[in-house]
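A short worksheet on the structure shown next.
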Amino acid sequence: MKDKFYKYIQELQDTITTALEIVDGKAKFQEDIWKRPEGGGGRTRVIENGNVFEKGGVNISGVHGKLPESMQNYFGVKDANFFACGLSLVLHPKNPMVPTVHANLRYFEMYDKEDNIVDQWFGGGQDLTPYYLFNEDAVHFHNTCKTACDKHNAEFYKTYKKKCDTYFWNTHRNEARGIGGLFFDYCKDIENMNMENWYNFTTEVGNSFLESYVPIVEKRKDLTFTEDQKNWQEIRRGRYVEFNLVHDKGTLFGLKTNGRIESILMSLPPHVQWVYNHTPEEGSEEDRLIKVLQNPIDWI
C-alpha cells in the first residue's frame with residue numbers, strides 16, 4: 001500500500017504542477033530533491049512571482065525510521081518505527097479576489113520491533129481561504145468536494161465538511177481560517193471500509209483538486225483590485241500564518257520528525273501584515289467575510 005500510494009502522489013504532483021504552470025502563464029516550479037538523515041526524503045516544488053501565483057508549493061515526501069519520543073508519547077506506544085508519505089500544497093495568489101487554497105493527502109504506517117504493521121491510516125482534504133467572498137465560488141468548491149465524496153459514501157461530505165470546519169479553526173481568534181471543504185484523518189480498516197477502499201476515496205479527493213480550484217482562479221485572476229484590498233489580503237494572510245504555526249498538525253509533525261524546514265514552511269505567504277486591532281467597516285465586503293468565518297455555513 002505504501003509503495004502504491006507514494007507512486008500515486010508522485011504522479012499527482014506532476015499533474016498538478018503542470019496544470020498550474022499553464023494557469024500562471026509565466027512562472028515555473030523550482031524543484032528540490034532532499035533527503036532526511038534518519039530515512040527517506042522528498043521532492044519540493046515551489047512557484048514564486050508569477051502572473052497569478054505570488055507563492056505556492058506542491059510537495060511530496062516519504063519518510064521513515066524510529067518514531068520520535070514525542071510522537072510515541074502522542075500515540076501511546078514504545079519503540080515503534082514508522083513510515084509516512086503525503087502530498088501537501090498551498091497556493092497564495094497575487095490577486096486578492098482569488099482565494100488561497102490548501103490540500104493534503106497522507107498515508108501512515110507504524111511497526112513493531114519485528115517490522116509488522118501494527119497500525120495504518122489515510123488522511124487528507126482540501127480547503128479554501130478567500131479574501132473576498134464570492135458565494136458561487138464557495139458553492140463550486142464544495143460541490144466538487146461533495147461529488148468526490150458521494151462516489152464512496154453518501155455521508156462522507158457532511159461528516160468531513162464538519163470536521164474541516166472544526167479543524168481549521170483559529171481558537172485564539174474565534175474564527176475559521178477559511179470557508180472549509182474536507183478534512184479526514186485516521187481512516188483505518190473498518191467493517192465497511194478496508195484500506196483499499198480508503199485508498200480509492202483518498203485518491204478520488206486528490207483527483208478532484210484541479211476541478212475544485214482552477215475554474216475559480218480563471219474566473220477571478222484578472223479582476224481589478226485596489227491597494228486597500230491588497231492590504232486586506234495581507235492582513236488575512238496573517239491569520240493563515242497563525243493557524244499554521246499554532247494549530248496545524250502537519251507542521252508540528254514535520255518539525256518533530258526532523259522534516260525539511262524549507263518544505264514545511266513553504267506554506268507561509270511572502271507578504272503579510274499584522275495591523276493592531278484592525279476591524280473592517282460594518283456592512284463592507286470584508287465585514288461580510290468575517291461574519292461567515294465566525295459562523296461557518298452550509299454551501300450546498
_Please determine whether any residue of region 271-284 is touching a residue at least 60 places away in the same chain (Cβ under 8 Å) and crowded, with 19+ Cβ neighbours inside 10 Å._
no
*Counting just the residues of region 1-25 that are touching a Leu at 6+ places or on another chain (Cβ under 8 Å) and β-branched (Val, Ile, Thr), which one comes out most open to solvent (accessible area, probe 1.4 Å)?*
15
*So is residue 107 in contact (Cβ under 8 Å) with a residue 60 or more places away in the chain and surrounded by fewer than 24 Cβ atoms within 10 Å (Cβ to Cβ) or not?*
no
*Select from region 145-189 the residues that are open to solvent by 20 Å² or more (accessible area, probe 1.4 Å) and of a type in the set (Val, Ile, Thr) and list them in ascending order.*
147, 159, 166, 171
*Exactly one condition in (1) crowded, with 17+ Cβ neighbours inside 10 Å; (2) polar (S, T, N, Q); (3) out of contact with any Phe, Trp or Tyr (no Cβ under 7 Å at 6 or more places or on another chain) is not met by residue 212; state its number.*
(3)
*Give me the pairs, please: first residue somewhere in region 139-159 and within 14 Å of residue 127 (Cα to Cα) and of a type in the set (D, E, K, R), second residue anywhere and assigned to a helix (DSSP H, G or I) and open to solvent by less than 60 Å² (accessible area, probe 1.4 Å), beta-carbon distance under 6 Å, and either six or more positions apart or on two chains.*
146/157
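The values are calculated or read from the model by the stated rules, or taken from the named source; none is laboratory data. Treat the numbers as computed from the prediction; the structure is a model and nothing was measured. Note that we place each Cβ from the backbone using ideal geometry, even for glycine, and neighbour counts take in every protein chain shown. Please note that ligands, DNA and RNA were not included when accessible areas were found on the heavy atoms of the full protein model with its side chains. Shrake-Rupley method; radii C 1.70, N 1.55, O 1.52, S 1.80 Å.
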